[in-house]
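Written below as structure tokens is the structure these notes are about.
Read-outs: derived from the displayed coordinates by stated rules, not from any lab. All figures in this text were calculated on a predicted structure; none of them were measured in a lab. With ideal geometry, Cβ positions are generated from the backbone for all residues, glycine too; neighbour counts draw on all protein chains shown.
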Amino acid sequence: MTGVSGVCRATLGPGATNPVSGMADAFLDRQPLLAITGQKPTDRYEITPHQRIDLGSLFRPITKAFGPYYAG
């Protein structure tokens with residue numbers, strides 16, 4: 001353990017599930033990790049329903065904090 005925070009980034013939709021194993025491992029080992037994923041705006045869910053993933057339900061059990069960031 002280096003004491004340096006880890007960072008990972010994943011794409012939106014189903015691609016956001018890719019870092020889950022690493023995030024859970026870091027959480028259980030109490031290692032700091034910043035994970036950034038993409039997400040479609042809610043007004044686009046009707047157009048691309050296959051990209052809709054409830055990231056909160058996925059990440060909350062394996063993170064200390066979870067929240068959206070809106071650029072703009």
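Worth pointing out:
- Between V20 and S57, residue separation times 0.36 nm minus the direct Cα-Cα distance comes to 12.1 nm.
- Using all pairs of distinct alpha-carbon atoms, the Kirkwood hydrodynamic radius of the chain works out to 13.2 angstrom.
- Assuming charge only on the beta carbon of Lys and Arg (+1) and of Asp and Glu (-1), the dipole of region 6-62 about its Cα centre is about 80 debye to the nearest 20.
- Nonlocal amide H pairs with C8, under 5 Å, H built at 1.01 Å: L34, A35, I36
- Site pair F27 and A65 shows an inter-label distance of 1.6 nm when each label is modelled 7 Å from Cα along Cα→Cβ.
- Sorted peptide list for 22-35, 2-15, criterion being average Cβ within 10 angstrom, highest first: 22-35, 2-15
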